[in-house]
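Comments concern the structure below.
The values are calculated or read from the model by the stated rules, or taken from the named source; none is laboratory data. The structure presented is a predicted model; accordingly, all values stated were derived computationally and were not measured. Cβ: placed from backbone, ideal geometry, glycine included. Neighbour counts: every protein chain shown.
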Amino acid sequence: MDDESLLNPHFSQSEDDREISLRPESLKEFLGQPSLKENLSVFIRAARERGEPLDHLFLAGPPGLGKTTLAGIIAAEMQTEFKATSAPALDKPKDLAGILTTLSEGSVFFIDEIHRLKPVVEEMLYVAMEDFELDWIIGQGPAARTIRIQLPKFTLIGATTKAGQVAGPLYSRFGISFRMNFYETGDIEKIIRRTADLLETEINEDAVACLAMSARGTPRVANRLVKRMRDFAQVLGEGRVTSGIVKEGLGRLEIDEYGLERLDRLILATIINRYNGGPVGAETLAISVGEAIESLEDFYEPYLIQRGFLQRTPRGRMVTERAYEHLKLNAGEKSADQGFLF
């Protein structure tokens, strides 16, 4: 990946280009998260009226809820440039310095997965956020000396799916903090209609409702489902997305009426079958289902917990009575197929 793709989320190809074309470009177009939008619009207006950059902003929440999109919108609303990268790409202090020294006055600088910043990079960021200065060491050994480089005033937006792993000193330097939650069904329905319209795809209202229930309260999932249903409608139907097409498509994708995918059900069935309903540790569970622990904790667990199928306890993960009901099992009963054939 080259420097342009690291710094600019609007630099991409093919499928990514189409995904970006679905992103809203203003707060007015951004659907859902009403409380966040109302407060953010106040902060943006106040900053613009004072002629100042927006205060540093922290965004937390599960993946796919629009954190990157919102960061781009903030830059657009502030009428300034937008530069973006992810914490793993900032391997050394010089990587961060190279970006900070190219910022303009009022720039919005977005760091995704900010909880993964290396300590040496994070320490450099402290001074940049507070004093808009950069400490840089020149020379080596006894001849080494530190110079301080002045930076333009900028807005740092940090995003994470794991707010608890962000260091306290870093978190305290953000003046604005928002937690993004899963979207309400009505908001997901609006997103589905908007996406279908942008894709020039006709969709029935009952199909919209059916897709919204299976979209996990997540715009990224909703957009993906609309595109896949468009494919099924084109090949298996007459081009229009109907409830029949949606049911056929979701069945083929192994997605149920709650939006649970095959691996979601496998997670629940594994806890029931192998660990008597729990508790079981996250690492053990990840190994058991053959999934990375990061994916388990960031993507699957939050939704399963939010929908009431799973709970975290001090001793580990446990399924709820609702999980037994959804898998059509009685409490304490095991699934004969071990969860692999759902």
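For the range 289-314, the candidate set comprises residues that are touching a strand residue (DSSP E or B) at 6+ places or on another chain (Cβ under 7 Å) and outside any helix (DSSP H, G or I); within that set, the residue that is surrounded by the fewest Cβ atoms within 10 Å (Cβ to Cβ) is 311.
Going by the conditions given, is residue 112 loosely packed, with under 15 Cβ neighbours inside 10 Å, without any contact (Cβ under 8 Å) to a residue 60 or more places away in the chain, out of contact with any Leu (no Cβ under 8 Å at 6 or more places or on another chain) and not polar (S, T, N, Q)? The answer is no for residue 112. For the range 103-110, check the following and say yes or no: at least one residue is in contact with a helix residue (DSSP H, G or I) (Cβ under 9 Å, 6 or more places away or on another chain) and in a helix (DSSP H, G or I). Scanning the range 103-110, I find no residue that is in contact with a helix residue (DSSP H, G or I) (Cβ under 9 Å, 6 or more places away or on another chain) and in a helix (DSSP H, G or I), so the answer is no.
Considering the range 76-95, and only residues there that are over 22 Å from the mean Cα position of the chain (by Cα), crowded, with 18+ Cβ neighbours inside 10 Å and at pLDDT 95 or above, the residue that is farthest from residue 28 (Cα to Cα) turns out to be 80. The condition of being in the same structural domain as residue 125 (by TED's automatic domain parsing), outside any helix (DSSP H, G or I) and either surrounded by fewer than 21 Cβ atoms within 10 Å (Cβ to Cβ) or touching a Gly at 6+ places or on another chain (Cβ under 7 Å) (or both) does not hold for residue 49.
Residues in the range 275-287 that are touching a helix residue (DSSP H, G or I) at 6+ places or on another chain (Cβ under 7 Å) and surrounded by fewer than 17 Cβ atoms within 10 Å (Cβ to Cβ): 282, 283. Can you name every residue in the range 189-202 that is out of contact with any Gly (no Cβ under 9 Å at 6 or more places or on another chain) and under 21 Å from residue 30 (Cβ atoms)? Across the range 189-202, the qualifying residues are 189, 192, 193, 194, 195, 196, 197, 198, 199. Of all residues assigned to the range 128-145, at least one qualifies as being modelled with pLDDT under 95, out of contact with any Ser or Thr (no Cβ under 6 Å at 6 or more places or on another chain) and polar (S, T, N, Q). Does the range 59-71 contain any residue that is closer than 23 Å to residue 126 by Cα, part of a strand (DSSP E or B) and modelled with pLDDT of 95 or more? Checked against the condition, which is being closer than 23 Å to residue 126 by Cα, part of a strand (DSSP E or B) and modelled with pLDDT of 95 or more, the range 59-71 yields at least one hit.
In the condition set (1) of a type in the set (A, V, I, L, M, F, W, C); (2) in contact (Cβ under 8 Å) with a residue 12 or more places away in the chain; (3) over 20 Å from residue 54 (Cα atoms), residue 128 is compliant with all but (3).
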